Amino acid sequence: MSKIERAEVFVASPGRTFVTLRITTSDGVTGHGDATLNGRELAVASYLRDHLVPLLIGKDPARIEDMWQYLYRGAYWRRGPVTMTAISAVDTALWDIKGKVAGLPVYQLLGGRSRDGVTVYSHASGTDVPSLLDDVERFLDLGYKAVRAQAAVPDVGGSYGVRKGKVYEPAATSLPDEQPWDTEAYLRFAPTYLEAVRERFGFGFHLLHDVHHRLTPIEAARFGKSVEDSALFWMEDPTPAENQEAFRLIRQHTTTPIAVGEVLNSIWDVQHLITEQLIDYVRTTVVHAGGITHLRRIFDLAALYQVRTGSHGATDLSPVSLAAAVHVDITVPNFGIQEYMGHADETMEVFRNGVTFADGMLHPSEEPGLGVAYDEKAAERFPYRARYLPVARRLDGSVHDW
Ligand code: CS2
Ligand code: MG
């Protein structure tokens, strides 16, 4: 029997920080998993190095489900982003190994293709409406069939999702950047730029918008109602999801579809949202929701309630996560859309990409496993740098959801 012989944790900052797990078997087969939790990276690295790696050595790498149960139930302490990200990394690496051993790309092990490619959305943004419109045009010219639009709220309104450089990167400072937020200014302004996008480019593509947890349920209801004529594909994270029941109130007022899930970690965190049909898209990911094994369980539950998938795919999810997401997306019957922002050039010096982009879609690698390689020598050129996500404060100085 093949055994897990080694498990190494790499922490490097090529463009931004990534934590990567590599598992090596006694037959010399390697598998990679992403363990990146933006702004809290070293906690997951320690969870893996200090608590999980010793449990992996000598175990059978083929028993993926059993390993998941062992790490989840065996911890006694359940759920939470740090635990679930660490379990995800192990699970993803074991699927990578299983594919390599079988000589098949992971999507074949998951049941094969349900579609020709994985439709993705990218991020258009602007410091004002004209620059946002130029950016939307750029993505449409690149062949995207779905675009997310975000613009800076004028004056001191603050904003989420406005790109400064080539790649959008909110975790950019060594201590959290404190940013202003004015809900009323946002509620007045955001519907106008979404309308401007539709006026200029029409309705022949999907238009998305991320509220990023910043509204109360009734404010979100007002927002959803005010953008109905722009026919959004979804409004994302309209209100924080700790209180799943809050979404019922939004639903009572608007038909704008709702997407939730990037900060949620388990099937139990989305159970009520799905079974009560309070959302339309579940955005949990391979890296933060327990790996391929657990994500499929979430997506299968969602399928019973006509909830579709829309996995998170920001730059802080490594190319290993993106590849794993695409292997899952291409197989599940209830796929909706996949977020795709692309990574910085430095990131791609360390990871060999597992996916290809063509005609607004991503395609998985046909190589055995996930099709991503990690170059640890190249990673040494990018030592770890602490970076934090920003914190939002209302105009009176009180902390708001960022
Ligand atoms: C965002 C992310 O991609 C998204 O939808 O909400 O940019 C999010 O802010 C980051 O992943 C946080 O790490
Ligand atoms: Mg989001």
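Here are the numbers for the structure shown:
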| item | result |
| --- | --- |
| Nitroxide proxy distance, nm - points 7 Å out along Cα→Cβ at Gln306 and Leu395 | 4.2 |
| Difference of contour (0.36 nm per residue) and Cα-Cα distance, Phe201 to Glu5 | 65.1 nm |
| The chain: calculated mean residue ellipticity at 222 nm from DSSP helix runs of at least 4, using -39500 (n - 2.57) | -10000 deg cm²/dmol |
| DSSP-defined beta bridges in segment 278-376 - what % are antiparallel, rounded to 5 | 65 |
| Percent RCO, i.e. relative contact order, over segment 4-104, from Cα pairs under 8 Å lying at least 6 residues apart | 33 |
| Sites Leu55 and Trp77 - FRET efficiency at Förster radius 25 Å, r taken between beta-carbons, to 0.05 | 0.95 |
| Debye intensity ratio I(q)/I(0), log10, segment 258-402, q values 0.11, 0.12, 0.19 Å⁻¹ (C-alpha model) | -0.49, -0.58, -1.13 |
| Geometric extent, Cα atoms of segment 4-104 - Rg, Dmax (angstrom) | 12.9, 36 |
| Rg followed by Dmax, in Å, when segment 109-367 is reduced to its Cα trace | 17.6, 52 |
| Rounded to 5, percent antiparallel among DSSP beta bridges of the chain | 50 |
| Charged-residue dipole, Cβ positions (Lys, Arg, Asp, Glu), segment 4-104 about Cα centre, Debye nearest 20 | 240 |
| Derived scalar couplings ³J(HN,Hα) [segment 88-94; Karplus, 6.51 cos²θ - 1.76 cosθ + 1.60; whole Hz; x for Gly, Pro] | 4, 4, 5, 4, 5, 4, 5 |
| Unsatisfied cross-links (Cα-Cα over 21 Å) in the set Lys98/Lys377; Lys100/Lys145; Lys3/Lys98 | Lys98/Lys377; Lys100/Lys145 |
| Loop GluC sites (Glu not before Pro), segment 243-309 (other Cβ atoms within 10 Å of the site Cβ: 12 or fewer; DSSP) | Glu245 |
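Every read-out reported here was derived from the displayed coordinates using simple, explicitly stated rules and does not represent laboratory data. Remember, it's a predicted structure, so these values are computed and weren't measured experimentally. FYI the Cβ positions are ideal-geometry reconstructions off the backbone, even for glycines, and counts take in every protein chain you see.
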